[in-house]
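The block underneath contains the structure these notes are about, expressed in structure tokens.
The values are calculated or read from the model by the stated rules, or taken from the named source; none is laboratory data. Predicted model, so just to flag it, every value in this text is computed and none were measured. We place every Cβ from the backbone using ideal geometry, glycine too, and count neighbours over all the protein chains shown. These area figures cover heavy atoms from the full protein model, side chains too; ligands, DNA and RNA do not enter into them. Shrake-Rupley method; radii C 1.70, N 1.55, O 1.52, S 1.80 Å.
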Amino acid sequence: SGLKMNSLEIPSGVTEIKDYAFYNCNTLASISIPNSVTKIGVGAFWGCSALADFTFPASVNSVGDNAFYNCTSLSNLTFASGANPLTIGYQPSSSDDRGPFYQSPLQSIKLDRQIAMTENYTTYCDQWDEGIFSNSSYNADGDWVTDLVLGPNVKTILKYMFAGTRVQQLHIPETVE
């Protein structure tokens, strides 16, 4: 039987969460990321089905493709305020292209950072269900909704960025161009 953990605190000084580091770690319910982390790798939390909340520190500037794919309990995302853009990956080159939070029933998104597109996102994102926060395919009959708060550091809303989300509350700051 494998190691089962439900809580994890990444030590200060760690700068990268490696590719597939916590792949299918389905008992991981909470994780604390220090301000030293600048990169979250490809598929890093793919299939972490117990993870409900995640906060991206301002230090994180890169999130790899599929990083939070199939996190079926992930409902709350917080992106700490930051002046530097955050590049978020995509699920590229498959017959079932989906956004990086696909199968994550997001109910709250607090975003106060500019989001940048990866080359894969620019090239392959051409449908509503492929946007960064698109999640409507998770449960088409579900009654969850998304509260979306954009902070003053958000300047641009990317194509399909929030497509398919069931937004109940929305705040768009004057800084959005």
**Message:** Run lengths n ≥ 4 of DSSP H only: what is the helix-derived mean residue ellipticity at 222 nm for the chain, with -39500 (n - 2.57) per run over all residues, to the nearest 500?
**Reply:** -1000 deg cm²/dmol
**Asked** Once you charge only the Cβ atoms, +1 for Lys and Arg and -1 for Asp and Glu, what is the size of the charge dipole of the chain about its Cα centre, to the nearest 20 debye?
**Response** 360
**Prompt:** How many percent of the accessible area of the chain is carbon or sulfur, using a 1.4 Å probe?
**Reply:** 47
**Complete:** Mean accessible area per residue over the chain (1.4 angstrom probe, all protein chains present, square angstrom) is 47
**Fill in**
Here the gain from full extension of residue 175 to residue 147, 0.36 nm per residue of separation minus their alpha-carbon distance, amounts to 8.2 nm
**Prompt:** Which of 83, 116, 50 moves most in a GNM of the chain, Cα contacts under 10 Å?
**Reply:** 83
**Complete:** Most fluctuating of 165, 123, 27 in the GNM of the chain (C-alpha, under 10 Å) is 123
**Complete:** The convex hull of the Cα atoms of the stretch 1-52, divided by residue count, gives a volume in Å³ per residue of 74
**Asked** If you average the sequence gap of Cα pairs under 8 Å that are 6 or more apart and divide by the length of the chain, what percent do you get for the contact order?
**Response** 15
**Request:** Using a Gaussian network model of the chain whose springs link C-alpha atoms within less than 10 Å, name the residue from 47, 131, 164 with the highest mean-square fluctuation.
**Result:** 164
**Asked** Expressed in nm to one decimal, what extension gain is obtained for the pair residue 9 and residue 108 from 0.36 nm per residue of sequence separation less their Cα-Cα distance?
**Response** 33.4 nm
**Complete:** If R0 = 22 Å, then residue 38 and residue 81, at their Cβ-Cβ distance, give a FRET efficiency to the nearest 0.05 of 0.85
**Message:** Across the chain, what fraction of all alpha-carbon pairs, as a whole percent, falls in each successive 10 Å bin from zero upward?
**Reply:** 11, 40, 38, 10, 1, 0
**Request:** Take 124, 69 and sort them by solvent-accessible surface of the protein heavy atoms, 1.4 Å probe, largest at the top.
**Result:** 124, 69
